[in-house]
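Report on the structure given below.
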Amino acid sequence: MHLLLSSQIARTLLSLSSRAMSLSSYKSLLREKAFVNGQWVNAANGESFPVYNPANGELVCKVPDMGAADATAAIAHAQVAFEAWRGKTPSQRAALLHSWERLIQDRCEDLAALMTLENGKPLAESRGEVAYGASFIRWFAEEGIRVTGQTLQGPTPDKRIFTLKQPQGVCGMITPWNFPAAMITRKAGAALAAGCTVVIKPAEDTPLTALALCQLAADALLPPGALNVVTCSRSRAAEVGRVLTTDPAVKHVSFTGSTDTGKLLLAQASSTVKRVTMELGGNAPFIVFDSADVDKAVAGLIQAKFRNTGQTCVCPNRIFLQRRVSQKFLAKLCERVAEMKVGDGFEAGTQLGPLINAAAESKLERLLADAKQRGGRVLAGGQSVKVGSGAGHFFQPTVVSGLGRDSACFREEIFGPLVAAFEFDSEADVVELANDCRVGLAGYFYSADVGQCWRVAEQLNVGMVGVNESMVSSCIAPFGGWNESGLGSESGVGYGIEEYLNLKTVLTLKTVNCTSRAKPRFQFSPKINVTALGIEPGPLAPRWTIPMVSAMAAMFEPDYCGPVDDLQEHRQQLQSDSVNWKDCIHRWKRSREKWRREALSLQQQTFEAARSASHWRERSGLTQAELRKAREQLTDWHRETQRCREAARQWKCEAVRWREMARAWKRQCCDLLEQKDDQQIAQLSQARQRHCAELRQPYASTCRAMSLSSYKSLLREKAFVNGQWVNAANGESFPVYNPANGELVCKVPDMGAADATAAIAHAQVAFEAWRGKTPSQRAALLHSWERLIQDRCEDLAALMTLENGKPLAESRGEVAYGASFIRWFAEEGIRVTGQTLQGPTPDKRIFTLKQPQGVCGMITPWNFPAAMITRKAGAALAAGCTVVIKPAEDTPLTALALCQLAADALLPPGALNVVTCSRSRAAEVGRVLTTDPAVKHVSFTGSTDTGKLLLAQASSTVKRVTMELGGNAPFIVFDSADVDKAVAGLIQAKFRNTGQTCVCPNRIFLQRRVSQKFLAKLCERVAEMKVGDGFEAGTQLGPLINAAAESKLERLLADAKQRGGRVLAGGQSVKVGSGAGHFFQPTVVSGLGRDSACFREEIFGPLVAAFEFDSEADVVELANDCRVGLAGYFYSADVGQCWRVAEQLNVGMVGVNESMVSSCIAPFGGWNESGLGSESGVGYGIEEYLNLKTVVLNLA
C-alpha cells in the first residue's frame, strides 16, 4: 500500500515538474510577430489578434492581424527569393533542410509545449507530431536530390526527347489548426525541396507553432524570403486567402481544411489557372468483419478515432460492425472508453484534450441530439465535461449505436470523440454503405479473410486504406483523397514533391551539327512529308495509303534536293535510287493485286448478303424496317464494290505510268554513273523535281473525286449515346458548314442539359462493366478501334477537310496522328503499376493501387477534331474510365465518325458517348459536365478564358481537371543557327492548319545579325504557298474557321501597322471559289515591339509577327513576358546555349532545332495559364485518369 502511494506521489511530482518545465521552456520559441523575408514584422495596419489556450480560455499572446497588402508584400519577397533558391543545387537545398530538421528535433520539447498550449492536444501527442513533422522535412530533402526526368527515342530516328522537372515558383499554403506543425512541414518541405518558395497562412487558432518553425528555419540559415508566414484573424482569413489564390505570382496553392472552403478557394484559383493541392474533409468508414480479431480492431479504433480528441480528417467517422460481432465489439469498446482520461494536455495521463472552440462542442451536441431522435442508443459518454476553471470545451468519449444512414452522423464529418456505430450483414452491403458518400479520404477495415482483404481494399472509394491497421499516414506513403476529399497527393515515394514541379518536354534533333552549319545533302529521305510533297493518293485504298505515300515520299521529296559535296556518295545514292524504283514498282503491283482480291471479296460478300437477306425474309418474317435496313446495307456493299473496281482500274493505269517513269530514270542513272559532270547531275536533280510536279496533278484530281464520295459512309447526323444514334430530347438540330465555301454539309442534334445528364447516367452504368475488364481486354478493343481508324483513313480525312477546311494531306496526317494515341494508350493501360514499400515499422507494408476515376467529361476543339478526341478518350478508356464528349460545334462530324468506328470495334455501349450542341447551348452542356457529381474528371482543350470558367464550375464538386489552354509560343533564331533549317521549321510549325493551332509559333524573335537574311528567305517561301480549298491539289493553307477568325487577323494587322510594323508579305484576305469562305494570305510583319497586340495575344492564324533582339538574356526575358506557357522553339548551334535556353523558357514543351514537339511518346502540357496536367507521354497521360490509393497492411 505504501509502495503504491509512493508511486502515485512520484508520478504526480513528475507530472507537475514536467508541466512547469514545459510551460517555461516554450517561451524561447514564442514569437509575436509575423515572419516575412527573414524579418519579424507587424501588420501594415498595426492591428493584432489574440491566441487563446483552448483548455482554459486564457490569453497566450497576440500576433499581427495582417491583410491583403501584407500578403501581397510577402508574395513579392518570395518571388524575388525564388530566383536565388531555385538556383541552388538540390544537394545544397537538402543540406539546409536537414539543418532545419535537426533543429526541430533538438527543440522537440519546446515545440510540443507550444503546440499543446495553443491547440490543446496532450503533450505526448504533441511530441509525436513534432517527430512526425520533422520526418517530412528529412524525407523531402532527400526526395529533391532524386528528382529525375526521362530521355526517350523520338518518333523518328533523328529526334530525341528528354523531360525536365523544374520548380513552379511561389507557393501559397493555408494550413489547419489540428496539426499545426506537420501540415506545414509536409507542404513546405516538399515545396522547398523542389526549389519553390512559400507563403503560409496558418490557422488563426494556432499561428504560434508556425512562427516557431520559422525561427528554427532562420537559425538553419534558410535564405530570407524562402519561407514566409502571414498571420491573420478569422475575420481577415478570406481576404488573405483571396490574395494567395488569385495573385498571378503564386503558381501553386496548397490547402488543408473543410470541403466547402476548399471549393471556394478552387473557384478563386481558377482565375489564374493555378496548380492546386487540396486535402479536404473526410467521412472515413471503419469496418469490422466477423472474421476479424476483435481486440485488435478495438485497439485500432481507439488509436485512430481519439487521436487529437477525434479532430482529424482521417479519423473513423462511421463504424460498420458485422452483425455477428457487433455486441462483442461494442462491449469491449465501451470498457476501453470508460477508462480514458479527459483533461488539460499538460496533465499526466491525459488522453483527450479539449475541443478547439465552442462551435465544435455545439456541433457534437447537435449530432448527438439527432442520433437520439432517430433511435440511437448512447452506450458510453454523451456529455460535456468541466475541467479546471470550466472555460475549456471538453467532451466525453461517446459511443452511439443503432443508427441508420438517415442520421446526421452518417452524412456529416463528426470531428470529435463520438463513435457512431452501424450494423451490416454482408460484404456487398457494407461496401455500398461505405461508398455512399461524396468524400473519400481514408477507410479502415479488419478481417482475417485474405480474399476479402484484397476485394474490399480495391472496392472502397477512398485514397487511403488501412487493412487491420489504423495509422495510414507516414512520409513514405502517398497521402490524398478521392472525389470531394481533395486533389493531388502529399508525401510518398515520387508523389508529394511532384506536385511542386513543372514538367517540361524538350524535343531536339540528334543530327544537329553544333560546330558548323550543316550543308544539305543530295539524299532521298525516308521522312514522310505529304504536305511538302503535294501528292494526293487518290486511288489508293485506305488500308494501303500510308505505305504507298511513304514509298513515294522516299522517292520524290523535293525539299531534300540540294548541292552535292561528294560525287561518289551521289553515285551511290543514284544506284540506291534505281533499286528503290524497282522496289516501288513491285509494291504498286502487289497493292494492285490486293485491291483486286478486295473487290472480288466484297462482290462475294454482296452475293452472300443478298442470298442471306432472301433466306431470312422467307424463314424469319423480317419486318419492313429490317428489310429496309438490309437493302441499305446491300446498296452500300454494291457501292463499295464499284469503288474498289474503279480503284483497281485506276491503279493499273497509274502503275503503267510509274513503270515508264522508272525505265526512263533507270536509263539516266546508268548513263550518269559513268560520268563526272556536276552540271548534268544538277540537271538531273531539276528533272526529278519536274517529274514530281507532273505526277501530282492527275493523281490529286483522282483523289478529290474519290474523297468527296467516300466520306459519306461515315457521315452521321445523330448523336451517339449508350451505343445508340439519338436525336436531341428537344427535337432541335443545328447546321454544320464547309468553311471553304459556306455550303451546308448536314445538320446534327442540338442537345441540352437533359441530354448531357442522360449521357452521363449511361456512362456511369457502363463504367462498372468497363472497369471490370482487364487492361489487356480493354487494350484489345482499343487496338481494334485504332485499326479501323487506320483502315478508314481516307474517309475520315475527307470528312475532316469538309467540316474543318484543312488541306486533305494534313487531315490524313491527323488521322494517323490520332490513331497513334489510341495504340499508345492501349499499351500504356497494360503497364499501369503501383508500388510496394516497407512500412515505417517492421510489421507494416504499404502498397499503392491505381484505379479508374469514373465518368470523364471532355470538351474538345475544332482545330484537331480527331486527335484531340483520341488523345483524351484513348487515355481515359485505357485507364478504365468511360467518357462523355462534347465536340466543337464547328466540327462534330469527325467525332461522330469515330463513334461509328468505335461501335464497329465492339466497344461496349456507354463507354464512349458524344453529345452534340450548337454554340448557343455549349455553356449549358459544359455546366452539366463540370458540375454533375457523377463526372469525376473534366478534360478541356480551348481558350484560357473558357478554361477558367470551367475550372470555377468544376470546383463545386472538386473534380480532377486536365486543361490544355491558349499559347503564345516564342520562336527564337540565334545568329549561330542554320537559317535554312530555321525557315523550314517555322513554315512547318506556323502554317499547319492555317496557323490555327495552340502550339504554333506566335512571336518570332530574330537575333539582329540574321534577321534580314531570315526574313528574306521566309518571304520567298511564303510567296510560293498556295491558299485554297483543302481538296484542291497543292493547297497548303485552307480557310480560317469562321468570319470571327478573319476579323481578328485584320484587327491584329491594323494594330501592327499603326505601331510601325512593316508588312513584308501577304496581308490581305483571299477570295477562293464562290468567295463564301474566309481565306487569308500567309503574312509576314516585322518591326514590332512588345506593345503590339501580336505580342500579347494568341494570333491563331497565318500571320508571322517578327521581333528583333540583341542578346540571349534579352530574348529569354521577352519570351517569358507572358502569362501562358505552352510551347517554345529556338534554333542554335551553340551546345551550351541550347541547354541554357531550354531550361530558362517558361513553357511546357521546347523544340530545339525542331518545330514538331507533339507525339504520343512525349508529355504534352503547358505551364502557368496554359493549362493543368499532361496529356500523352510515357507514364503521364494515362495517370491523369487514375486515382491513387494507398493501402497500409498490418502483418501482425
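Just name the residue that is nearest to LEU355 (Cα to Cα) out of those in region 47-69 that are among the small types (Gly, Ala, Ser) and at pLDDT 95 or above.
Taking region 47-69 first, the residues among the small types (Gly, Ala, Ser) are 48, 55, 57, 67-69.
Imposing the further condition that a residue be at pLDDT 95 or above reduces the set to 48, 67-69.
Details: SER48: 24, GLY67: 28, ALA68: 30, ALA69: 33 Å.
Per the stated criteria, the residue is SER48.
For region 1070-1082, state whether one or more residues are in contact with an Asp or Glu (Cβ under 7 Å, 6 or more places away or on another chain) and among the β-branched types (Val, Ile, Thr). Spell out the reasoning first.
Residues of region 1070-1082 that are in contact with an Asp or Glu (Cβ under 7 Å, 6 or more places away or on another chain), as a first pass: 1072-1073, 1078, 1080.
Still in the list and also among the β-branched types (Val, Ile, Thr): 1072.
The answer is yes, given that some residue of region 1070-1082 is in contact with an Asp or Glu (Cβ under 7 Å, 6 or more places away or on another chain) and among the β-branched types (Val, Ile, Thr).
What strands (runs of 3 or more DSSP E) lie completely within region 830-932 and have 2 or more residues being touching a helix residue (DSSP H, G or I) at 6+ places or on another chain (Cβ under 8 Å) and farther than 21 Å from GLU964 by Cβ? I'd like the intermediate steps shown before the answer.
On the way: elements: 836-838, 844-852, 855-859, 882-886, 912-914.
Result: 844-852.
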Among (1) within 30 Å of LEU1040 (Cα to Cα); (2) surrounded by 24 or more Cβ atoms within 10 Å (Cβ to Cβ) - the single one PHE825 does not satisfy: (1)
Residue selected from region 382-397 under the condition in contact with a helix residue (DSSP H, G or I) (Cβ under 7 Å, 6 or more places away or on another chain) and surrounded by 22 or more Cβ atoms within 10 Å (Cβ to Cβ), by the criterion nearest to GLN327 (Cα to Cα): PRO397
Set GLY375, GLY300, GLY402, GLY353: member being farther than 13 Å from PRO417 by Cα and touching a residue at least 40 places away in the same chain (Cβ under 8 Å): GLY300
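Please tell me if GLY880 is at positive phi, in contact with a Lys or Arg (Cβ under 8 Å, 6 or more places away or on another chain) and assigned by TED's automatic domain parsing to the domain that holds PRO933.
Working: at positive phi: yes; in contact with a Lys or Arg (Cβ under 8 Å, 6 or more places away or on another chain): yes; assigned by TED's automatic domain parsing to the domain that holds PRO933: yes.
Considered against the rule, which asks whether it is at positive phi, in contact with a Lys or Arg (Cβ under 8 Å, 6 or more places away or on another chain) and assigned by TED's automatic domain parsing to the domain that holds PRO933, GLY880 comes out as yes.
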Which numbered condition VAL431 misses (of (1) buried (at least 20 other Cβ atoms within 10 Å of the Cβ); (2) more than 25 Å from VAL450 (Cα to Cα)): (2)
Any helices (runs of 4 or more DSSP H) falling wholly within region 1093-1196 and containing at least 1 residues that are among the basic types (Lys, Arg) and surrounded by fewer than 24 Cβ atoms within 10 Å (Cβ to Cβ): 1093-1096, 1135-1144
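Residues to consider are GLU118, GLU143; find the one that is touching a helix residue (DSSP H, G or I) at 6+ places or on another chain (Cβ under 6 Å), farther than 30 Å from VAL240 by Cα and part of a helix (DSSP H, G or I).
Going through GLU118, GLU143 in turn, just one is touching a helix residue (DSSP H, G or I) at 6+ places or on another chain (Cβ under 6 Å), farther than 30 Å from VAL240 by Cα and part of a helix (DSSP H, G or I): GLU143.
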Sole exception among (1) on the phi > 0 side of the Ramachandran plot; (2) in contact with a Leu (Cβ under 7 Å, 6 or more places away or on another chain); (3) of a type outside the set (Val, Ile, Thr) for ALA1162, by number: (1)
Number of the condition not met by VAL973 [criteria: (1) of a type outside the set (Phe, Trp, Tyr); (2) surrounded by fewer than 21 Cβ atoms within 10 Å (Cβ to Cβ); (3) at pLDDT 95 or above]: (2)
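Looking at VAL400, VAL385, which one is in contact with a Phe, Trp or Tyr (Cβ under 8 Å, 6 or more places away or on another chain), over 16 Å from ALA284 (Cα atoms) and of a type in the set (Val, Ile, Thr)?
Numbers: VAL400 fails: in contact with a Phe, Trp or Tyr (Cβ under 8 Å, 6 or more places away or on another chain).
After ruling out the rest, the residue left standing is VAL385.
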Among the candidates THR175, THR259, residue that is at pLDDT below 95, in contact with a strand residue (DSSP E or B) (Cβ under 7 Å, 6 or more places away or on another chain) and either surrounded by 24 or more Cβ atoms within 10 Å (Cβ to Cβ) or of a type in the set (Val, Ile, Thr) (or both): THR259
Residue count, region 414-469 (criterion: more than 26 Å from PRO933 (Cα to Cα), touching a Ser or Thr at 6+ places or on another chain (Cβ under 9 Å) and hydroxyl-bearing (Ser, Thr, Tyr)): 2
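So which helices (runs of 4 or more DSSP H) are wholly in region 147-266 and hold at least 3 residues that are over 17 Å from THR72 (Cβ atoms) and not polar (S, T, N, Q)? Please lay out each step first, then the result.
Numbers: elements: 182-194, 207-219, 234-246.
It comes to 182-194, 207-219.
So, ARG377, is that one among the basic types (Lys, Arg) and out of contact with any strand residue (DSSP E or B) (no Cβ under 8 Å at 6 or more places or on another chain) or not? Before the answer, list the steps.
Details: among the basic types (Lys, Arg): yes; out of contact with any strand residue (DSSP E or B) (no Cβ under 8 Å at 6 or more places or on another chain): no.
For ARG377, the condition - among the basic types (Lys, Arg) and out of contact with any strand residue (DSSP E or B) (no Cβ under 8 Å at 6 or more places or on another chain) - is not met.
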Of the criteria (1) closer than 29 Å to VAL273 by Cβ; (2) surrounded by 21 or more Cβ atoms within 10 Å (Cβ to Cβ); (3) of a type outside the set (Asp, Glu), which one GLY1089 fails: (2)
Per-region count, region 996-1018, residues surrounded by fewer than 18 Cβ atoms within 10 Å (Cβ to Cβ) and either without any contact (Cβ under 8 Å) to a residue 24 or more places away in the chain or under 21 Å from SER1092 (Cβ atoms) (or both): 3
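Restricting region 427-444 to residues that are assigned to a helix (DSSP H, G or I) and more than 19 Å from LEU301 (Cα to Cα), which is nearest to the chain's Cα centre (by Cα)?
Here is the first cut: in region 427-444, the ones assigned to a helix (DSSP H, G or I) are 427-434.
From what's left, more than 19 Å from LEU301 (Cα to Cα): 427-429, 432.
On the way: GLU427: 35, ALA428: 33, ASP429: 35, GLU432: 30 Å.
Checking each candidate, the answer is GLU432.
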Scan of region 55-80 for residues that are more than 31 Å from the chain's Cα centre (by Cα) and not small (Gly, Ala, Ser), ordered by number: ASN56, GLU58, LEU59, VAL60, CYS61, LYS62, VAL63, PRO64, ASP65, MET66, ASP70
Among the candidates ALA78, ALA84, ALA113, ALA73, residue that is within 23 Å of GLY172 (Cβ to Cβ), crowded, with 23+ Cβ neighbours inside 10 Å and not β-branched (Val, Ile, Thr): ALA78
Qualifying positions in region 466-486 - within 11 Å of LEU1188 (Cα to Cα) and not in a loop (DSSP other than H, G, I, E, B): PHE479, TRP482
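The values are calculated or read from the model by the stated rules, or taken from the named source; none is laboratory data. The shown structure was predicted, so the numbers you read here are calculated from the model rather than taken from an experiment. Cβ sites come from the backbone with ideal geometry, for glycine too, and all protein chains shown count toward neighbours.
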